[in-house]
1. Distance in nm between label sites at Gln658 and Ala797, each 7 Å beyond Cα in the beta-carbon direction?
2. Solvent-accessible area of Phe321, probe 1.4 Å, all protein chains present, reported in Å² to the nearest ten, please.
3. So what J values fall out for region 551-563 if you push phi through Karplus, 6.51 cos²θ - 1.76 cosθ + 1.60 with θ = phi - 60°, rounded to Hz, Gly and Pro as x?
4. Report, by chain and number, residues whose modeled amide H sits under 5 Å from the one on Ala683, excluding near sequence neighbours (fewer than 5 apart, same chain).
5. Taking only protein heavy atoms and a 1.4 Å probe, what accessible area per residue, in Å², does region 186-275 have with all protein chains in place?
6. Read phi for every residue in region 143-149 and hand back ³J(HN,Hα) as whole Hz from Karplus 6.51 cos²θ - 1.76 cosθ + 1.60, θ = phi - 60°, with x for Gly and Pro.
7. How much net charge surrounds Lys796 when only other residues with a Cβ under 13 Å from its Cβ are counted (Lys, Arg +1; Asp, Glu -1)?
8. In whole Å, how far is the Cα centre of region 750-823 from that of region 563-616?
Amino acid sequence: MSLWSRIGNVVRGDRLNREIEEEFESHLEEAAAAGRDPAEARRAFGSALRQREESRDVRMAAWLDSLRADTVFGWRQLWKRKVTSAAAVLSLGLAIGACTSAFRLIDALLLRPLPVSNPQQLYALARQGIGFNGQYQTFDGWAYPDFQLMGAAVKGQAELLAISYAESVDLTYRSDEEIEKASLQYVSGRMFPSFGLRPALGRLLTEDDDSKPGAHPYAVLSYDYWSRRFGRDPRALGRKFRLGDNLFEIVGVGPERFTGTETGTVTDIFVPTMMQTGVLRDDWTWHRALARVNPGVALEPLQAKLDGTSRAFEANRAKGFTGMKKEAIDRFLAEKVILQPAASGASDLQNTYRRSLAACGVLVALVLLIACANVANLMTAQAAARAREMALRVSIGAGRWRLVQLVLVESGWLALLASVVGAAFAWWSAPFVVSRINPADNPAHLDLPADWRVFGFGLALTLVVTILFGLAPALRASTVKPASALKGGSDPHSRRRPMHALIGIQVAFCFPVLLVAGLFVTTFDRLAHRPMGFSAERILALDTIAQRPQPAVFWDQVAEHLRTVPGVESVALAGWTLLGGGAWNGFVSVNGAPPGPVLAYFLSVSPGWRNLMKIELLSGSDFRAEDTSPGVALVNQTFAKEYFNGQNPVGQFFTKGQASYRVVGMVRDAPYRSLREPILPVAYVPFQGVDKGGAPQPLRTGTFIVRTSSSNPRTLASVLRLSVSQARAGFRVSNVRTQAELVEAQTVRERLLAMLALFFASVALLLAGVGLYGVLDYSVLQRRREIGIRRAIGAKASHIAGRVTREVFAMVLAGAAAGLALGMVSVPYIEGLLYGVNTGDAAALALPAFTIVAVALLAAAPAVVRALRIDPAKMLRSE
């Protein structure tokens, strides 16, 4: 018979049996017709049952039939033990779902290649070394003249592409009254041809569009933005929008799947790099550089050539670094150019969450191992309980492999059902996690498709899980000795040893999960409760742009108008808000000495800003209405400590370049751009700036800082936005943020890690506790006769409790010791994610140990109570 016929006969067993029976009867009838005695004919054919089995083996795939039978039997076994099976499926499902969810995130952010031709040829250029701040860093920003020199140096070996950081810009399609937000990137004209992309509409940018500064104001829309903004209207081609002083014409729409190279950000509009205002400046690092390396080109020589070219450029530029110490310049020039794989793009989101996702991946892997050990314990207990069944199967001819197959098929059912639960959990949890890393003003956008990559990972994970928790019980079941098993077994302790070992493994994996979770939670708590130095409550920041640069007096008029809005307590002006992402720095000198190696940071503010922010004035006085910059300054405590040796700086002078400032006051320290970094030396200077001749300098951008009387300042956002435009023509609010949101955004990563780590720790503890309870309960069940005898001869309750828990608690302690060592090894890899935490602190190590012991005692209590409630007389009578 053909293979397909044999396979088909597996699913029509009853019909096949009838056919074999009919064929057997027909042979008998033929023998009778030939004159033979029917009884003699039956004896000649032999056993009807044996004939039927041999015929079945010939006409069907026996191995497939046995697999079918074991599948049906395994399902019945699971259905018979509903509660136990449900607990196993749920625990495995959570672990599998967490692993799959972590894979979806890691794949979307770090592994999934860009939808371009040959993405494996893409590399991102970066510099590594000691920066001006004295800290080791990796920086991927480049000045365009440097980029051009490097591109010319490696021509023929690699093609360099300049792609700016995606930025949210204000643009208008109709009138200046209707400002819209869009995500924009300046890109090399060669980017689209190099990536092998074709337009969905119109044309894409070309090399000619990127040949001369400011000459070709053309724009290409992403397919996503074209769909959202224009409803895929072909008439979008030829439309124009105003961005700053330039009027751009839309010439095309990109391919559907391409949304830029900055993973986690959907770029709306692409324009040529030559339209960037700072394209020719050698001191403005505003774009990334991607290299498409030609096949066969070695990376190390290419990297060395890029490094040499960039070093020569920076050395020439460093000749103009007046006042800087030679050591600082030498450190800067010692930075090396490196090539980093960029098949999946290059973005700040990748840099921020790469190590975080790796840590989460390790945590979920440990939780999965704990779940597998837990279910393996359950399967081992069931295998021990079914020892007589397995012995009978061996006695009637079942082979060892058949027993292995029987248990593995049952394990496969558990894994399959758990994978369904896990798939549902992963489908929900991955987008949920992405939603937790979405600051209001910069949301993350990650593509999370359930495609063949995710399906393949889930399938492989299901197979691995089946082997992890099913193989040991299956092999144990296959080694059963029929004679010993049918007599009740020779060594009851041998059944418990593998279970005790698995408890130790669970505890060993649980300890580092708890340790890391505690460190992440402590990090978030320390960062969230770090002293601010200012009050973030009820503050609204209105980032504002003027159509043309306006004198500071006009900005003051708008601020005065805002003060009349009901619900507004006070208004001040600043270049930007604290923790808002803006920065202005430079080297300063004191008393004519050369500038120091430490950068000072500056922020322009109006009189009254300090009071509005509730930053304490420690000495001196605040700004007056007539104060200008340069001229006077307020400095923080760190500035005074760094540049004035901690002495009172009031009345002293410092210079930045050609600008001189007299310190009129010292204020309390406050975070400037990040909560994670140490307090920076900051000088606050007047919002009103003047040039060398003392003439007021007009300003195009600024931020109105508004303190409201409402506990929810967002309620005034729309009113204040409208009031700014009404106060003076040409002023438009481009962004509205609350100071509380900015503070909260500083802890997004830490909050996410703390939340995920707590979840994984809770699951790990629950699984370990359930596993420990199951082992102890099984131990009491197996030793009930022994316990009954001990109770009958007068054993004390403490002795019984000790006998029941001694072996298991020894494994708990051994597992905790192994887990402590594993945790200490893992801590150095996550130190970059921690803040204000001493990893060697006894409290950090004691907390997981105490938690595990507490859970172990809680899990042991029911088993101990059950052992103490055994009635000796009743037990002996039943035996």
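1. Label-label distance for Gln658 and Ala797, simple model: 9.0 nm.
2. Counting only protein heavy atoms, the figure is 50 Å².
3. Once θ is set to phi - 60°, the couplings for region 551-563 become x, 4, 5, 5, 5, 5, 5, 5, 4, 5, 5, 5, 5 Hz.
4. Hits under the 5 Å cutoff: Tyr601, Phe602, Leu603.
5. Each residue of region 186-275 exposes 42 Å² on average to a 1.4 Å probe.
6. Rounded to whole hertz, the list is 7, 4, x, 5, 4, 5, 5.
7. Numbers: positive: Arg790, Arg791, Arg803; negative: none.
For residues surrounding Lys796, the net value is +3.
8. 58
The values are calculated or read from the model by the stated rules, or taken from the named source; none is laboratory data. These figures come from a predicted structure and were not determined experimentally. With ideal geometry, Cβ positions are generated from the backbone for all residues, glycine too; neighbour counts draw on all protein chains shown. Just so you know, the surface numbers come from the protein's heavy atoms only, side chains and all, with ligands and any DNA or RNA stripped out. Shrake-Rupley method; radii C 1.70, N 1.55, O 1.52, S 1.80 Å.
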